[in-house]
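Please read the structure below before turning to the comments.
Please treat every number below as a calculation from the coordinates, not as lab data. Just so it is clear, the structure is predicted and the values come from calculations on it, not from any experiment. Glycine gets a Cβ as well: all are built from the backbone with ideal geometry, and neighbour counts include every protein chain shown.
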Amino acid sequence: MNFLRLSFIRKSLLAALVGCGSSLLAHADTTADPPSINEALSSAKSWLAEIDAAQYEQSYAEGCTAFHNKVPHDQWVTVLKALRPPLGPLVSRKEASHTYKPDGYEGLDGECMVIIYNSVFTQIPSEIEVVVLKREDGKWRAAGYNAQPQVTAQDDQPPPEASTTTTTQQSSR
């Protein structure tokens, strides 16, 4: 699968399914009690391990009720099967930030946690992964996921002597 097709899949399917895109980076941190933060970070780590191991059905089962209401099981599995294999195996994942949202987040009611990771995969050297968790039934459960290439200033520049073609696609929303 070429890079442009992978990019299209990322933008049109995953972001639309889960709705936790790069706007998450702009939200300020709010503190939570340390045990709650540690529980959330541990839950996110376990959930991502399921995705890394291609246990997509299990990762879906770990989602919260709002996640299940928003994303059908077969759609979740289909998107992850298209998104993850082209990345290759995980090389490293480092938490960049976490944001506690005690009063909900982007349509989710109740306590939420947004965790951003800087990740490296064998085929994509710089990826940003965003995990949204919701506290439900006394534990942190997955509410959203997004992965996108980390853009650097160098990525914005065309190679020397290369022609550039830009295609814009507008949404009907």
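Ignoring lysines fewer than eight residues from LYS70 along the same chain, the ones with Cα atoms less than 19 angstrom from its Cα are LYS11, LYS81, LYS134. Counting only lysines at least 8 places from LYS139 when in the same chain, those with an alpha carbon closer than 18 Å to its own are LYS45, LYS101. Between VAL120 and GLN150, the modelled label-to-label distance comes to 0.9 nm, taking each label 7 Å out from Cα in the direction of the beta carbon.
Only Cα sites of segment 52-99 enter the Debye sum here, all with the same form factor; the resulting log10 I(q)/I(0) across q = 0.18, 0.23, 0.24, 0.33 1/Å is -0.70, -0.94, -0.97, -1.12, listed in q order.
Computed extension length for GLU95-LYS81: 2.6 nm, one decimal, from 0.36 nm per residue of separation with the Cα-Cα distance subtracted.
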